[in-house]
Each structure stands twice: as C-alpha cells, then as structure tokens.
Amino acid sequence: MGTSERWARLTGPSAASAADLPGHLGHRLRLAAHWLARGGVVAYPTEAVYGLGCDPMDAGAVMRILEIKGRDWSKGLILIAADPLQLADYVEPLDGSAMGPILASWPGPSTWLLPARPGTPRWLTGRFDTLAVRVTAHPLAAGLCRAFGGAIVSTSANRANRPPARDLRRVRLALGDRSDYLLAGACRGSDRPSTIRDGRTGRLLRA
C-alpha cells in the first residue's frame, strides 16, 4: 500500500477545494494561492503568530524565505496543511496506534516530527530525516492550503532571534515589502508558537 493510501485509510476524505471558499474571503485566498503557485512568498495569520509561506517544492521560494528570516537551512522548516492527506507527499505515517495521539491533536497548534518520505527535499528537512508538520486550526491558514491545493511552508514572519509578529502592524514593520502578498487576518490568540513533539517517541521538543 502506498503512502497516500495509508494516509487516506487513517484520515478519511480530503479538505474542500478552493471552489468551496466563500465570496470575498475566497477571492483573497485564491489571490494568495496564485502568488504561491508563481513562486511567491505570502504572509498569513496562524494560531499564534503571522507566518511566512511558500510552495514547499519551489527551492527558490524556500531559499528566499530563509534569506528574509536569516535562518540556517539546516534547521529544517514546518509544513502546515488543511488536512492530513495534504502531508502525504512529504511524510510517512507511523505504524499501528502511534498515529492516534497525532491525529487526535489535529487540527490545532501541535506540530509533530514524522519520517520524511524518500525524495522530500533537503531544503525542507534540513539536516534531519524527519519533517515537522501540522494540520492548522486557523481558518485563513487552512483556507490558504485548500486554495493552493496542498501543504505550504510555515515559519514565523520575523527575522531569526527577533520577536514574532502577532498583528498586521508588526508584520508590516518586520517584513516591509519583502513578501509578495499579505493575507490580513487576526491570529487566534495563542500566546506561544505551536508545540513540537517527536512523533516516534512523543518527546516534547518545544513547549
């Protein structure tokens, strides 16, 4: 059984398509997704902070995000999705009951390290054999993934070692004109970024 089929058996149907998005909000999400598809960088709200996103398979776009942040590529990046099936191209599901706590935590601000699929780019995994992934509970971030048609990169919209941007004014101050599109919206009020756990061991890596 292939990876996509294993994910489908674990999780059920995939998320709605961009055609199901409502009115003006749908237009903004499709515009942001258009920039992603063209290799652009988009800033958007998440559960806790504004994030920077791009097409995970576009090396140039990923490198541009790393340059904007001043982030070392070897640290790896996080991908977010609207549903677990959108992660099937990048990570392998764990065997047996090990996926239970992971799926139970989604959608939500819980990021898990899962084994990277063969061929997952090093610009995503960094120096690791795992990839950090989560299914977001933020309606705009999830809507962006649906409009784009897959998972996207998610890293905080600030320079490395600087405070994260939690509102529109701060993200504009942090980024200036370095993103191609700013999807305006409120963060969900979480006072810290998502937790990160190792899916294989359950070990907490970021509280």
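Nothing in this text is a laboratory measurement; each read-out follows from the coordinates by a stated rule. Everything numeric here is computed off the predicted structure, so don't read it as measured data. Virtual Cβ from ideal backbone geometry, glycine too; neighbours counted across all protein chains shown.
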task: Please list the non-local residues whose amide H lies under 5 Å from the amide H of Thr130, H modeled 1.01 Å from N, same-chain partners needing a gap of 5 or more.
output: Ala116
- prompt: Residue by residue, what Karplus-based ³J(HN,Hα) values in Hz, rounded to whole numbers, does segment 163-168 have, using 6.51, -1.76 and 1.60 with θ = phi - 60° and x for Gly and Pro?
  reply: x, x, 8, 10, 8, 4
query: Of [x] 25, 19, 16; [y] 31, 18, 15; [z] 34, 17, 15, which is the value of semi-axes √(5λ) of the Cα gyration tensor in Å derived from the coordinates here?
result: [x]
- request: Given the options Asp177, Asp167, Asp72, state which has the largest fluctuation in a GNM of the chain using a 10 Å cut-off (strictly under) for Cα springs.
  value: Asp177
- request: Provide the per-residue ³J(HN,Hα) series for segment 108-124, in order, calculated from phi with Karplus coefficients 6.51, -1.76, 1.60 and θ = phi - 60°, each as a whole number of Hz, with x at glycine and proline positions.
  value: x, x, 10, 9, 10, 8, 10, x, 6, 5, x, x, 5, x, 5, 5, 9
task: Would you order Trp112, Trp73, Trp7 from fewest to most other beta-carbon atoms within 10 Å of each residue's own beta-carbon?
output: Trp73, Trp7, Trp112
- line: Comparing Gly189, Gly96, Gly149 in a Gaussian network model of the chain (Cα, 10 Å), the one with the largest mean-square fluctuation is Gly96
- request: Determine ³J(HN,Hα), in whole Hz, for all residues of segment 171-176 in sequence, where each value follows from phi through the Karplus function 6.51 cos²θ - 1.76 cosθ + 1.60 and θ = phi - 60°; x replaces Gly and Pro.
  value: 5, 5, 5, 6, 9, x
- request: For Leu205, list long-range residues whose amide hydrogen, built 1.01 Å from N in the peptide plane, is under 5 Å from its own amide hydrogen.
  value: Ile196, Arg197, Asp198
